[in-house]
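*Asks:* Got a structure for you, written out below as structure tokens; questions coming shortly.
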Amino acid sequence: MKIFVVEDEEEIANDIAACLNDAGFVVSKCDNGEDAWFLGSTEQFDAIILDLGLPKIDGLSVLKRWRQEDVTVPIIVLTARGNWTERVEVINSGADDYLSKPFQMEELIARLRALLRRSSGHINPQIQAGTLTLDMNQKSITVNGNATPLTPLEFRAICYLIHHQDRVVSREELKEHIYEQEEGRIDNAVEAIITRLRRKLGHDQIETRRGMGYCLKAAP
Ligand code: CA
């Protein structure tokens with residue numbers, strides 16, 4: 001799952017990115033409103049964490065522009081503490097949640113996970129697909145109740161597929177959501193990850209749709 005972090009204070013942005021990485025997310029960072037507006041409108045993210053005080057275009061304007069353009073991605077806004085009118089305006093402008101600065105990283109991660117679950121139609125921290133159970137809090141995957149160790153890339157891939165189960169996910173889309181910008185994207189890398197996942201999780205879980213992509217069946 002790829003998270004877009006828009007925050008101009010480098011130290012905070014790096015802290016958020018490190019914690020998100022630890023929690024199994026891929027992060028893309030941006031430090032100003034103008035680039036954020038463009039990237040948020042043109043690239044596919046699973047969620048956005050948006051600071052309000054940004055150079056070039058302020059966060060609230062960016063938020064409003066995205067929603068006017070029908071960018072539907074879930075957004076958590078970072079607000080100043082104690083300013084309730086600002087928080088009301090943020091929610092009225094289309095934010096899904098907010099967090100007042102300073103905040104605990106654990107709370108940000110918890111809210112982000114909850115938001116991602118809801119946006120994919122799930123309520124519990126454990127998401128089921130056939131014999132697989134993904135636990136976002138534990139960052140674990142079990143097959144018929146047995147824990148199966150996965151590499152970070154494998155976890156990111158299965159995590160995305162489980163959140164989008166019963167839908168065909170193209171190789172390009174999967175690649176987009178599991179790799180950091182800087183990471184080398186070798187063309188058949190996604191296939192290699194899928195092969196390893198099938199070996200570890202069972203061969204009938206992930207179907208290949210020729211010329212279209214992969215589909216993780218809710219009931220294989
Ligand atoms: Ca700021």
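The values are calculated or read from the model by the stated rules, or taken from the named source; none is laboratory data. The shown structure was predicted, so the numbers you read here are calculated from the model rather than taken from an experiment. No Cβ is skipped: glycine too gets one built from the backbone with ideal geometry, and neighbour counts run over all protein chains shown.
*Asks:* So which of ALA147, ALA157, ALA189 ends up being aliphatic (A, V, I, L, M) and modelled with pLDDT under 90?
*Replies:* ALA189
*Asks:* Condition first: modelled with pLDDT of 90 or more, in a helix (DSSP H, G or I), surrounded by 14 or more Cβ atoms within 10 Å (Cβ to Cβ) and of a type in the set (D, E, K, R). Can you find one or more residues in region 176-186 that meet it?
*Replies:* Scanning region 176-186, I find no residue that is modelled with pLDDT of 90 or more, in a helix (DSSP H, G or I), surrounded by 14 or more Cβ atoms within 10 Å (Cβ to Cβ) and of a type in the set (D, E, K, R), so the answer is no.
*Asks:* Looking at LYS56, is it surrounded by 15 or more Cβ atoms within 10 Å (Cβ to Cβ) and not β-branched (Val, Ile, Thr)? Show your work before the answer.
*Replies:* Details: surrounded by 15 or more Cβ atoms within 10 Å (Cβ to Cβ): no; not β-branched (Val, Ile, Thr): yes.
No; evaluated as a whole, the condition is false for this residue.
*Asks:* Quick check, is LYS29 more than 21 Å from the chain's Cα centre (by Cα), within 16 Å of the ligand (Cβ to nearest atom) and basic (Lys, Arg)?
*Replies:* When the stated conditions are applied, LYS29 does not pass them.
*Asks:* Another question about this same structure. Restricting the search to region 95-122, which residues are of a type in the set (Gly, Ala, Ser), surrounded by fewer than 17 Cβ atoms within 10 Å (Cβ to Cβ) and touching a strand residue (DSSP E or B) at 6+ places or on another chain (Cβ under 6 Å)?
*Replies:* The answer is SER100, and nothing else.
*Asks:* Please list, ordered by first then second residue, the pairs with beta carbon atoms under 8 Å, 6 or more apart or interchain, first in region 189-217 and without any contact (Cβ under 8 Å) to a residue 40 or more places away in the chain and on the phi < 0 side of the Ramachandran plot, second in a loop (DSSP other than H, G, I, E, B) and crowded, with 16+ Cβ neighbours inside 10 Å.
*Replies:* As it stands, the answer is ARG198/GLN205, since those pairs meet every condition given.
*Asks:* Check whether at least one residue in region 15-36 is in contact (Cβ under 8 Å) with a residue 24 or more places away in the chain, of a type in the set (Ser, Thr, Tyr) and in a strand (DSSP E or B), and report yes or no.
*Replies:* We begin by selecting, within region 15-36, every residue in contact (Cβ under 8 Å) with a residue 24 or more places away in the chain; these are 15-16, 19-20, 23-33, 36.
Filter once more, so that each one left must be of a type in the set (Ser, Thr, Tyr): 28.
After this cut, where a residue has to be in a strand (DSSP E or B) as well, the list is 28.
Yes; the residues of region 15-36 include at least one that is in contact (Cβ under 8 Å) with a residue 24 or more places away in the chain, of a type in the set (Ser, Thr, Tyr) and in a strand (DSSP E or B).
*Asks:* Would you call ILE91 surrounded by fewer than 18 Cβ atoms within 10 Å (Cβ to Cβ) and more than 16 Å from the ligand (Cβ to nearest atom)?
*Replies:* Considered against the rule, which asks whether it is surrounded by fewer than 18 Cβ atoms within 10 Å (Cβ to Cβ) and more than 16 Å from the ligand (Cβ to nearest atom), ILE91 comes out as yes.
*Asks:* Further question on the same structure: Is it the case that region 142-165 has a residue that's farther than 20 Å from ARG199 by Cα, in contact (Cβ under 8 Å) with a residue 12 or more places away in the chain, under 16 Å from the mean Cα position of the chain (by Cα) and not in a helix (DSSP H, G or I)?
*Replies:* yes
*Asks:* Another one. Can you find, within region 66-81, the residue that is surrounded by the most Cβ atoms within 10 Å (Cβ to Cβ) among those that are away from the ligand (no atom under 16 Å from the Cβ) and in a loop (DSSP other than H, G, I, E, B)? Walk me through it before giving the result.
*Replies:* Of the residues in region 66-81, the ones away from the ligand (no atom under 16 Å from the Cβ) are 66-74.
When the remaining residues are screened for being in a loop (DSSP other than H, G, I, E, B), the result is 69-74.
On the way: GLU69: 11, ASP70: 7, VAL71: 18, THR72: 10, VAL73: 17, PRO74: 20.
So, considering only residues that are away from the ligand (no atom under 16 Å from the Cβ) and in a loop (DSSP other than H, G, I, E, B), the one surrounded by the most Cβ atoms within 10 Å (Cβ to Cβ) is PRO74.
*Asks:* Please give the number of the condition PRO55 fails out of (1) farther than 26 Å from ARG156 by Cα; (2) assigned to a helix (DSSP H, G or I).
*Replies:* Condition (2) is where PRO55 drops out.
*Asks:* So, of the residues in region 1-18 that are more than 14 Å from the ligand (Cβ to nearest atom) and of a type in the set (A, V, I, L, M, F, W, C), which turns out to be surrounded by the most Cβ atoms within 10 Å (Cβ to Cβ)?
*Replies:* Only one residue fits best here, namely ILE3.
*Asks:* What number of residues within region 106-125 satisfy the criterion of being of a type outside the set (Lys, Arg) and part of a helix (DSSP H, G or I)?
*Replies:* Residues that pass the stated criteria total 10.
*Asks:* Now for a different question. For a quick check of your reading of the model, give me the residue pairs whose first member lies in region 46-61 and is basic (Lys, Arg), whose second is within 12 Å of the ligand (Cβ to nearest atom) and at pLDDT 95 or above, with beta-carbon atoms closer than 9 Å and at least 6 apart or on different chains.
*Replies:* Note: pairs meeting the criteria are LYS56/ASN32; LYS56/GLY33; LYS56/ALA36.
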